[in-house]
Amino acid sequence: MATLKLYSTSLEPDLDQAIYSQSIGGYVSNSLLYPETTLTETIGLYGVDITLATPSSGNWTEWQGIEYINIGNELIKVPSFVNGSVVASQRAYNGIYNMHIAGDIVKAVSAKEIFNDVFNDEYKQYRCLAIKNVSTNTTDPSQEKVAYDIEVYFKQNSRNINSSIKLSLEKPKSEYISGTSTGWSTMTVVDSSLAYGSYEDDYFKEAYLKITSGAASGQEGKVISSFDRSSGTFTFYNSFSTALDFTGTVMYEVHPSPAQRVKTGTTSPVVGNSNVTNFLVPDDNNSLRFFEQPSVFNISNLHFNDVMYIWVERTVEKGSSEFLHNDFVLNYRYKVSV
């Protein structure tokens, strides 16, 4: 099925975001907001002993301070992890009881690292996250799953009565595509199959083009400065190496365009237009979603590598001396098709 994961954002493309409080718009980073691993033993409906496989990173550093885990949409409150073993403090924290089998995905649920103590004059701060469809079908890419009717909401808002959190959705201006060049140079990649197609001039402007294989393998990707629909030409702000002889073809992919970028985490993004919703407090019964369809692709349908951005607005009451319990539990649901 389609797999959606939540990532931090970065001002530069194709990078890890080690400092989550700097997730303030731009490109999808390579860093998951919620660390993941799998169960090594089955848990019954009322079991409390939980054992997890060692994360791919090989250590439990990123799991330190985690208060909740999510397994199959059941939210479980936990104390500190010790070598992947833990005894649950409370099952079904969100009212959902499930049985879980060995191999099920476990997500650490904590958003405390995206916040800091720097606010604007209205005691607000802003962060930007990205939902990305990472489903793959290596045997038949045409069968990759599509997520649609995507809804975002809080399972739990801040438990601090002096703090409130709101969400806004932003849709990228362009979708993910991949292809093979019919020509290229130090400053361009040309794909004539795109000429006079669905994409207008500059549709991919500011998106990131990455070389995946072919004649320019090993070259760093480039940010697109313009797109010419009459020829299918991508032009970049910076050039490839002049040592290349430009023979052969390159296989490429263009990542979705970045979210709007704010100067600091205390600056509000522009909201309330056709590309960005207003800040709201969505819950299970009143979720946040897009209904309108852009001219080229439907943002409610996330194909492989497509993204949707989530802006978070946090407000703290003036004079509040208590900054604990600011974690929130963000959830999203969607349908799946091919």
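Stretching residue 192 away from residue 238 to a fully extended chain increases their span by 14.4 nm, per 0.36 nm per residue minus the current alpha-carbon distance. Computed about the Cα centre, the dipole magnitude for the chain is approximately 460 debye when only Lys and Arg (+1) and Asp and Glu (-1) carry charge, each at its Cβ. Between the alpha-carbon centres of region 301-316 and region 196-212 there is a gap of 21 Å.
When the chain is treated as a Gaussian network with alpha carbon springs shorter than 10 Å, the biggest mean-square fluctuation among 23, 168, 178 belongs to 178.
Dipole of region 177-254 computed with +1 at Lys/Arg Cβ and -1 at Asp/Glu Cβ about the Cα centre; of 242, 185, 198, farthest Cα towards the positive end is 242. The length gained on full extension between residue 5 and residue 98, counted as 0.36 nm times the residue separation minus their Cα-Cα distance, comes to 31.4 nm. The ellipsoid equivalent to the alpha-carbon distribution of the chain has semi-axes of 37, 24, 19 angstrom, derived from the gyration tensor eigenvalues as √(5λ) and listed largest first. Note on the chain: with a GNM built from Cα contacts shorter than 10 Å, the maximum mean-square fluctuation among 207, 216, 147 falls on 216.
The share of C-alpha pairs in region 34-110 whose separation exceeds 20 Å stands at 16 percent.
Using the Karplus relation 6.51 cos²θ - 1.76 cosθ + 1.60 with θ = phi - 60°, the per-residue 3J(HN,Hα) values for region 194-199 come to 8, 4, 6, x, 6, 8 Hz, with x marking Gly and Pro.
What the Cβ-Cβ distance of residue 210 and residue 46 gives, at R0 = 45 Å and to the nearest 0.05, is a FRET efficiency of 0.40.
Annotation: amide H of residue 173 within the under-5 Å range of 257, sequence separation 5 or more or interchain, hydrogens built in the peptide plane. For a Förster distance of 45 Å, can you work out the FRET efficiency between the beta-carbons of residue 113 and residue 180, rounded to the nearest 0.05? The value I calculate is 0.65.
Looking at region 177-254, the pairs of alpha carbons with a distance over 14 Å make up 54% of the total. For residue 236, the residues whose modelled amide H falls within less than 5 Å of its own, excluding neighbours fewer than 5 places apart on the same chain, are 225. Taking amide H as placed 1.01 Å from N in the peptide plane, residue 31 has its amide H under 5 Å from the amide H of 8, 17, each at least 5 places away in sequence or on another chain.
Please report, to two decimal places, log10 I(q)/I(0) for region 103-232 at q = 0.12, 0.22 Å⁻¹ as given by the Debye formula with identical point scatterers on the Cα atoms and no solvent. So the normalised log intensities are -0.78, -1.43. Our coupling estimate for region 169-186, obtained by passing each phi through the Karplus curve with A = 6.51, B = -1.76, C = 1.60 and θ = phi - 60°, is 9, 10, 9, x, 7, 9, 9, 7, 9, 9, x, 10, 6, 10, x, 6, 8, 4 Hz, Gly and Pro reported as x. Measuring between their Cα centroids, region 229-256 and region 1-34 lie 25 Å from each other.
Simple rule: put +1 on each Lys or Arg Cβ and -1 on each Asp or Glu Cβ in region 34-110, find the dipole, and look at 56, 94, 76; the Cα lying farthest toward the positive end is 94. Label positions at residue 21 and residue 61, each projected 7 Å from the Cα along the C-beta direction, are separated by 1.8 nm. Only lysines eight or more places from residue 263 in sequence, or on another chain, were considered; those with a Cα closer than 29 Å are 5, 112, 124, 132, 166, 171, 173, 205, 210, 222, 318. With θ taken as phi - 60° and the Karplus curve 6.51 cos²θ - 1.76 cosθ + 1.60 applied, the whole-hertz 3J(HN,Hα) list for region 17-27 is 10, 6, 10, 5, 5, 9, 7, 10, x, x, 8 Hz, x standing for glycine and proline.
Read-outs throughout are calculated quantities, based only on the coordinates presented, and are distinct from any laboratory measurement. Values in this document were obtained by computation on a predicted structure and should not be read as measured data. Every residue, glycine as well, gets a Cβ built from its backbone with ideal geometry; the counts of neighbours run over all protein chains shown.
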